[in-house]
Amino acid sequence: MKKTYSVSETAKILGYSTNSIYGFLKEGLINSVRIGKGKFRIPELEIKKFEGNKGEGEIIESKEKPTTSKKEGVAILSQQDVLPSALLPTPRPGKSLSDLSGESFLHTMRLWLVERVGFPTLFDWLISLTSIVLGMSLFLYSNQQDVLSLGRLSLWLNPVRLGMIFGGFGLILASMIQEEVGRTVNLTNIFRYFLGATFLGLAVVLFSGGDIDGFLIHGLFGLVILIEALSEVESSTLYMLYIFGLLISVFIALNFFPDGSDLSVVTLGLKSVFGGLGWLLSLLILVLIAFGLYGFFWNKRFLKSISFAYGLILCSLALYYGIENYWSRFFATLIAGLIGMVLPSWDSFKARLVSERTLVFKVFGSVLMCFILVILMIAVVQGTLISNANRGLSEKADFARVELSRTIDGLTQGVTDLSKNEVFIKAFVRSQSKELADQLKFLSLGRTDVAIAGVVEADGEPIASYPASATFSLSNFAGAEFFNSTLNTGKTYVSMALENLIEGVDNVFLIAVPTVNTKNVVSGVLFVAVSGVNLSSELQRVGDSTLGQEVVVVGEGGKMVVHPNADRLGVVVNEADGSYDLWKTNAVNMEGYNWRGLHSLFGSSKLSKYGLTVIVSEPVQKVLDVNLSWLTWLLILFLIIGIVMLTSIIFIKTTRRMGEK
């Protein structure tokens, strides 16, 4: 079989651009065999006709007509047709690829991909995949979310996400077209600088949030990207720099940060596992670095083996990150690990891709598709857990509302019934403190939330209380809001927020009713004070403490009526707290940050007749903190099998097609 060449191969041999060769084909200056829509093969004899005589000059045409193949319908020169001194002209400028190829736009694009696409470096593959996948994974719920989304840091979350996705796609595409634009601008370096700055920006955000691990991992990656942009160092060198940096970062984290610092659960787990033998892990890290340096400087073959070992270590680390819901770090370390495992066979892999340029897109697209499918699988699992949690929180908020309403209604009914009791009225008229105290005692039977119950005369002077209180006896309530409202309106008074009654009895929820004399004339006030602390303790039972669920009740003016932290009772809810939005609106569920600054889900229910909003919250990580280690193993297995299968299929099909040619 006579040897033939593709358009790009012919362009390299003759020293012309592929545009020029397409122009010569269209004008008939070079004869070829069409093997498909927009694809040509050029015989070796035809190339030899012009080889060594390229450049400007007149065209020397053969007097004899070339032999024509009826099967292909194109002209192929036989041996006697070859002219030893033919010259090709310089192509006329201004012609587009579409004009030169004579094909439609879609076929022209395919032509370009087949013949002219550039080949990205291995480290550019790592940067692009990591940026795209990391950007997408930041939309997942992750342990990093609490750090990234606090306060002013949340302003940078979306720019970081979108910047990584845009930069990742931009870098891989720029690498493929760099040969076309290289004379005017280094487009690849522009995207490298952009992504380097983005990763460094993410590192600064994480450091500001106290995330030491994230700062070291992402900051180091951004630094290595900038080194590539500035120096054009080989991919293997850059990868080793990144690995050495990671190992040194772990060494620093293990030896120079105390247990209480903001390290990830993975690093803290390593420290706890090794315990007093932390020096052993540090020694292991130093040995790995020494092996890498030996391979890098003295034994390249050994370097390939150690890079494979580095890849396995990173994949193992990725597994632990996945189990602990650090998904963005899971993907970043997993991709780095897979690249390390590919590094030993990269040269042969690259040789195949150079001869079949479309594989660049196929392999990159296939690998990216596998990661996207994994991200979608995680998103589906997380979405299901979040949906179920939202429904559960709404139901618990309704239940807590019913419990709170039952408490308030029960006490209101109790003081109302007592105020109408004949024995109570007689004791009140006679100012019999002991008898009234005995009557008040019934309001506290079987309850832990009642702080004090008392009776006050029309002039604000106290008559009796239970339990007895010297401070209460010495007080006067003529200026108290609950006293004046009840006495003047003759109606039941229920607090819309926590109030301070007397010294030592503060943050209480007051319920008061008017008391009458034997002539049914309002002559005083009967009240019961419900402790906000004790009421909070009762309602916290509605939530599951093992899941971090907390119940809060917001009253008039946004003041906390029920809260798990007694110091925050009576305090106005912070606008940064998700409870604020639920109090201001009629929303049933929402996602935000609780008073502890944890990324949480909220469910609410309104107790409208008392102007109260009952809210139950649960940290997102507690929602997702289920035994999903099987999912992480499954995802890694799926990724590896998927990437291997897709890559193998692509290579098999390509090999067959090349054999047919």
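When the listed pairs 48/362; 441/491; 12/362; 434/491 are checked against a 30 Å cut-off, the alpha-carbon distance exceeds it for 48/362. Exposure proxy for 298, 583: other Cβ atoms within 10 Å of each Cβ, ordered fewest to most, give 298, 583. Direction-averaged projected area, Cα convex hull, the stretch 536-624: 5.2 nm², rounded to one decimal. What the Cα atoms of the stretch 410-530 give is an Rg and a Dmax of 12.7, 36 Å. Computed from phi, the 3J(HN,Hα) profile of the stretch 567-578 under the Karplus parametrisation 6.51, -1.76, 1.60 (θ = phi - 60°) reads 5, 9, 5, x, 7, 5, 5, 6, 5, 6, 7, x Hz, with x in place of Gly and Pro. With neighbour counts taken as other beta-carbon atoms within 10 Å, the residues 590, 240 rank, fewest first, as 590, 240.
Just so you know, all these numbers are worked out from the coordinates, no wet-lab data involved. Computed from a prediction, not measured in an experiment: that's the story for all the values here. Cβ coordinates were reconstructed from backbone atoms using ideal geometry, including for glycine residues, and neighbour counts include every protein chain displayed.
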